[in-house]
Each structure stands twice: as C-alpha cells, then as structure tokens.
Amino acid sequence: MPSDHVPSTSAAPGRAASPRAESTRLALLAAAREEFAERGIAGARVDRIARRAGVNKERIYGYFGSKEKLFDAVIETALDELVEVTALPGDDPAGWVGRMFDYYREHPDLARLLLWEGLYGRTESLPEQRRRIAHCQDKIDSLAAHLGREPSHEIGRLLLTLIGLALIPLAFPQLAELFRTPVDGPEAAAEMREHLTAFVRMALANADFS
C-alpha cells in the first residue's frame, strides 16, 4: 500500500486548485461516499474507490493523505450538505424534524455513513470537532430561543431526541418492518412523516422544562 506521506497534489496555500484537480477531488469524494456507505471504513478499498472515480489510487493519498482522512472528508461534505438544506429548528421544530426525515430518506447513504463512523471506534475527537460543535450549538441556541429558554444540556438532549426521531425509522428499516411501519414507499413515508411531526408538536406543547 502507498505511504500516507505521498507528497500532496492539492493546491498550495493561497492558490486555488485547478479545474482538473478540483474535478478529480470531487470524483474521489463521490466514489468514496458510495464505497464507505456500502462497506464502512474498515471494509472500503482504495483501489475500488479509485476505479469508481476513474483515477489512479495514488491520487487518494495525494489529495487526502489516507483512507481514514478520505472518510473524514466524505463525512464533512455530507454533513455540510445536510446543514445547508435543513437549516435551524427554532422557527418550527416539528417541521425541522420533517425536513430531516425527508433528507435522510432521500440520502440513505448519510445514515449509513454516520452509523459506520459510530462503529469505527475512534479514541480521538471526531474530525472537524470544533466546527461540528459550533453547528450543534447553533441548533441548541435556535431551539432554546423558540422555547423561551436559555441554552442548556436539557435543550441539547431534546435536540438529540428530535434527530433520533427523524433518523431511526430509516437507519433501522428492519425494526420498522417488525413493527409493521415500513417507510419504503411514498405513501408509507408520508404517513411516518406526519406521525413524527404531530408527535413533536404534541410533545413540545406538553413539555415541562422547569
């Protein structure tokens, strides 16, 4: 396997990447997203990723440094896309859960990537930890303001619960099937979405944060 210290082919600091280099980087990210979603970090192969992207596998090490760092870049890109589309929960928490559900349903690879990341067993902080924390803090602040509360651990727990509501039916389809609530068709998905948003509205209307 090539060394992780192959000299980088990415643009030098302060210099924009060439269109060809950026096209190669994006092709690698797209190919890696498919491979990692299917097989996780341990099971993914750089040669398969390179074949999918139509480039030599040396490019992976040149652009990203290692397979693990390529996975981190895939996760970072996927989460940035999610943040951009779903926005903040404050104005309408139930609608936000609905948008999250829609996004996870339309991008099933994201749920798989997050599960693989959790299973990988990192001992160090997550990549881009500070930026991820900042995104989550924005959500906490937004929801707290909507509820007329100060940001707190309780609001953080509430947000984690809301995200779980949107994600679990799609991340664990076998459980949805066992409970006879599959979401593999438009009508069933619409019914689940309506259930989730109604549940959130009811829960928040009756919540006691004292």
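The values are calculated or read from the model by the stated rules, or taken from the named source; none is laboratory data. Treat the numbers as computed from the prediction; the structure is a model and nothing was measured. So basically every Cβ, Gly included, is an ideal-geometry build from the backbone, and we count neighbours across all protein chains shown. Keep in mind that these areas ignore ligands, DNA and RNA; they rest on the heavy atoms of the full protein, side chains included. Shrake-Rupley method; radii C 1.70, N 1.55, O 1.52, S 1.80 Å.
Here K57 is the anchor, and the lysines within straight C-alpha reach of less than 24 Å, apart from those fewer than 8 places off in the same chain, are K67, K69.
Here the simple spin-label model places points 7 Å from the Cα toward Cβ, and for E81 and L160 these points are separated by 2.7 nm. Highest average first, the peptides 88-96, 187-195 ordered by how many other beta carbon atoms sit within 10 Å of their residues are 88-96, 187-195. Pairwise inverse Cα distances across the range 129-210, averaged and inverted, put the Kirkwood hydrodynamic radius at 14.4 Å. Give me the percent of accessible area attributable to carbon and sulfur for the chain, probe 1.4 angstrom. Reported share for carbon and sulfur atoms: 55 percent.
Computed 3J(HN,Hα) for the range 129-139, one whole-Hz value per residue from the Karplus formula 6.51 cos²θ - 1.76 cosθ + 1.60 where θ = phi - 60°, is 4, 5, 5, 5, 4, 4, 4, 5, 5, 4, 5, glycine and proline marked x.
Dipole orientation for the range 121-202: of the candidates G185, I133, L160, I133 has the Cα lying most toward the positive pole (charges on Cβ; Lys, Arg +1; Asp, Glu -1). Rolled with a 1.4 Å probe across the full set of protein chains, the surface gives L160 an accessible area near 130 Å².
Measuring from a point 7 Å past the Cα of A21 along Cα-to-C-beta, which residues in the range 29-64 have an amide N at less than 19 Å? The answer is 29-30, 55-64. At 222 nm, what helix-only mean residue ellipticity would the chain give, in deg cm²/dmol to the nearest 500, using -39500 (n - 2.57) for each DSSP H run of four or more? Calculated at 222 nm, the ellipticity per residue is -23500 deg cm²/dmol. In plain terms, the chain from R48 to Q129 could stretch by 26.3 nm, reckoned as 0.36 nm per residue minus the Cα-Cα distance.
In this structure the amide hydrogen of G90, modeled in the peptide plane, comes within under 5 Å of the amide hydrogens of L143, none closer than 5 places in sequence on its chain. Working ranking of peptides 104-110, 37-43, 131-137 by packing, defined as the average number of other Cβ atoms within 10 Å per residue, highest first, is 104-110, 37-43, 131-137.
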